[in-house]
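Before any comments, here is the structure.
The values are calculated or read from the model by the stated rules, or taken from the named source; none is laboratory data. Not measured: the values here are computed from a predicted model. All Cβ positions, glycine included, derive from the backbone under ideal geometry; neighbour counts span all protein chains shown.
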Amino acid sequence: MSLLKLRKFSARLRPLLPAVVALSPVLLCLAFQSAGARPAFSEAAPPKPPLAFHQHMVNLGEVESRRVHEARFWMTNGGADALEIRDVTTSCGCLSDQLEKKIVRPGETTDLTLYIRAANQSPGSKHYTARVTYGPVGQSKTEFEAEVAFRIALPEQTVTLNPRVLIMHQYEGNRVSHMVDVNDLRDRPLTVIDVSCDASFIDVELIPQSEMKPGSRRNGLMAQIRVTAEQVPTGPHECLVRIRTTDPEFAEMTLPMRVYGPHNGARATLPSADRTR
């Protein structure tokens, strides 16, 4: 096409240019519709973990003074394959774990218990976690992870007497006894070396270790003392049981006592609060 003809053709199209610009969005929309819908590309969703935990957090809150505290987590196999618990990694060396079973078949439920030994832990709020690694039996390359956590507010570990105050009633001169526990939940517990009482009608005896329940020391029970009342004079009496130990901080502990003797030879009435003592 010669230059002259090209100029003439351009001159004829110039009046149509505004209309073409105005209609261009419509023309593009029609072109996309005629081309048909195209599939959208998306990444495949990761497989759903087959082990369903009933709860991921246990909050024990403020607890009483004890050597060991525990938090339990239940989990159910919701998949089609048997699962094996391969590892449990805790956030603190003070934690130990125990599994009810390591192989969990489809539909079965098992539990994981985490234990904390509080004797060598400082008091206050604590947050612990454990990571559970598991996968299908016989498929070592397929692996899942889940994390559980629990919170606890630990009290100060110290020495306690149980009961803290002892109330005894003597019936018509009959001999009556009561046991007193000395508990020490610290990392280095004390030893009781001597016991006595400032009242002549009260007899105190330190129970030999051989007569205590097996394993009781692991639960913080360091000693047991048998307190016996004999020939108590008429009326109420205040007295003290003195407990000497090997610990300088608790070199001597005292247990306050109130002892009621028979009233004019009659049988003493035992209040309901004292019937279990």
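Quick notes on this one:
- Verdict on Phe150 being under 30 Å from Thr89 (Cα atoms) and surrounded by 19 or more Cβ atoms within 10 Å (Cβ to Cβ): yes
- Some residue of region 91-105 being among the aliphatic types (A, V, I, L, M), at pLDDT 95 or above and touching a Lys or Arg at 6+ places or on another chain (Cβ under 6 Å): no
- Matching option when the condition is part of a strand (DSSP E or B), closer than 26 Å to Thr160 by Cα and in contact with a strand residue (DSSP E or B) (Cβ under 8 Å, 6 or more places away or on another chain), among Ser125, Ser65: Ser125
- Restricting attention to region 188-232, the residues that are exposed (fewer than 12 other Cβ atoms within 10 Å of the Cβ) and in a loop (DSSP other than H, G, I, E, B) total 7.
- Among the residues of region 151-187, those that are in a strand (DSSP E or B) and small (Gly, Ala, Ser) comprise Ala153, Ser177.
- So Arg131, is it in the same structural domain as Arg66 (by TED's automatic domain parsing), modelled with pLDDT under 90 and closer than 20 Å to Phe73 by Cα: no
- Scan of region 75-114 for residues that are free of Cβ contacts under 8 Å to residues at least 24 places away in the same chain and not in a strand (DSSP E or B), ordered by number: Gly93, Glu100, Lys101, Lys102
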